[in-house]
Each structure stands twice: as C-alpha cells, then as structure tokens.
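Working notes, structure below.
Bear in mind that the values in this text are calculations on the coordinates, not laboratory data. Only a predicted model underlies this, so the values are computations on that prediction, with no experimental measurement involved. Cβ sites come from the backbone with ideal geometry, for glycine too, and all protein chains shown count toward neighbours.
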Amino acid sequence: MVMIEFYGWGTPNGRKVSIMLEEIGLPYEVRPINIGKGDQFTPQFIAINPNSKIPAIIDREGPGGKPIRVFESGAILIYLAEKSGKLLSADPRARFEVLEWLMFQMGGVGPMFGQAHHFLRQAPEQIPYAQDRYVKEVRREYGVMNARLGAVPYLAGEYSIADIATYPWVARYSWHKVELGEFPNVERWFNAITARPAVERGMNMKFDG
C-alpha cells in the first residue's frame, strides 16, 4: 500500500527527497511534476504547495492517521526523519547539530549554488559581476564544509538529513567551477555518500511524465 505520494522532479531539491525515501524504506509513489512544462503552476499542485515549487509530499498516514501535506525540502526531510525515527537524532545536542547543518544548506548552499548555476549556465547574458559574486560565495561555503569535514566524517558527525540535503547540490560541482580535489575533505565525504546504495537509487530515480 502506498503511504507517501512524492511530488518531485530531478533537481537537487527533488533528489533530497528521493534519497531520503530510499534511505528510510517507507512505501511511496512518485508523482512527477515536470517543471519544464509548468506542472508546478497547475491548480492541483498549488493546492499541495502554494509556493509552486517541488518537492512536496502527501502522507496518507500522517499524524493521528490522517493525511498531511508537507512542502519545502528541509521540512520534508525533518518530517520523514521523525516519522521513520532515522537520520535525525533524538538527543537534543545531536539533533540541533543536524538542524544547524541542515539550515546551512537551506539558507546558504542551496540559494548560493543555485544562483551560481543560473548566472554561469542559464542567464541570457553574461554578467561577470554576478558570476564572480556567486562563485566566490560557493567556494567560501566549500571551504566551510571542508574545514568541518576535516574534523568529523559527516556534517553533523554521523550521517544524517544534513548530508542528504547537501549532497545533491555538491553533485553538481562542475556547474559552479569547482574541482572536488581542491577540497579533499569534501571529496572524501562526497565519495562516501555516493557509495551508499540508497543514494545511488535516489539519484538515479526516473521522473517520467
């Protein structure tokens, strides 16, 4: 029986949830939202996420046994971690360490990497100031991660939703003029996560439709 309806597409934010669903093993079904065709702006999807962004989920067996919708990738990761009891520690200190690094991704890595991708690959005109601004910030954030990962194996110490959130953005390192070898601790972390079977399945998930 399908428990979770996963509305997504093959973007870094979509891949966060596909990886998480594979890691925790709850039954789910993919509902593709083709953002290239504007599926995210349909009334049906806006009823699930009023911000017209992927990903989103509907858990048919939510709190109290009643359906619940959840949007925003970070909120979805927290929800699924709490539902499954996996990848987010119940210990308060360890939990907030995970949440710190999750917020680092949500507030920094995602927006800054995304802007770098846009101005380097998609902008209709080349704007050197914008490219320099965002590439410099991307490299600064790689430096933050590299320093952190020199002290611990994963961003919050143990493998967690913080790593799941960050990995799909780092997977596009070539999009923002970064060579992982420049940041050896990030490279070690990236290779360790890449080797996880659930990550491979989540990253290779097909979004047809």
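Of all lysines in the structure, those lying under 20 Å Cα to Cα from Lys83, and not within fewer than 8 positions of it along the same chain, are Lys16, Lys66. Applying the Karplus relation 6.51 cos²θ - 1.76 cosθ + 1.60 with θ = phi - 60° to region 89-99 yields 3J(HN,Hα) values of 4, 7, 5, x, 5, 5, 4, 6, 5, 4, 5 Hz, where x marks Gly and Pro. Placing +1 on the Cβ of every Lys and Arg and -1 on the Cβ of every Asp and Glu, with nothing else charged, gives the chain a dipole about its Cα centre of roughly 200 debye. All other residues with a Cβ under 9 Å from the Cβ of Tyr167 taken together, and with Lys, Arg as +1 and Asp, Glu as -1, what is their net charge? With Lys, Arg at +1 and Asp, Glu at -1, the net is +1. Electrostatic bookkeeping for Gln122 treats Lys and Arg as +1 and Asp and Glu as -1; over the other residues with beta carbon under 15 Å from its beta carbon, the sum is +2. When the chain is treated as a Gaussian network with alpha carbon springs shorter than 10 Å, the biggest mean-square fluctuation among Pro43, Pro32, Pro111 belongs to Pro43.
Distant-in-sequence amide contacts of Tyr28, defined by a placed amide H-H separation under 5 Å and a gap of 5 or more residues or a different chain, comprise Met3, Ile4.
Relative intensity of region 22-82 on a log10 scale, I(q)/I(0) at q = 0.27 Å⁻¹, equals -1.27, per a Debye sum over C-alpha point scatterers of equal strength in the absence of solvent.
Each principal axis of the Cα cloud of region 147-203 was evaluated for its coordinate range; sorted largest first, these ranges are 27, 26, 16 Å.
Counting every pair of alpha carbons in the chain, the share spaced more than 21 Å apart comes to 54 percent. The percentage of C-alpha pairs in region 104-209 whose separation is greater than 22 Å is 33%. Taking a ≥ b ≥ c as the square roots of the eigenvalues of the Cα gyration tensor, an a/c ratio of 1.5 or more together with a/b no larger than b/c marks region 58-132 as oblate.
Look at Ile193, Ile127, Ile68, Ile19 and count the other Cβ atoms within 10 Å of each Cβ; fewest to most, that gives Ile127, Ile68, Ile193, Ile19.
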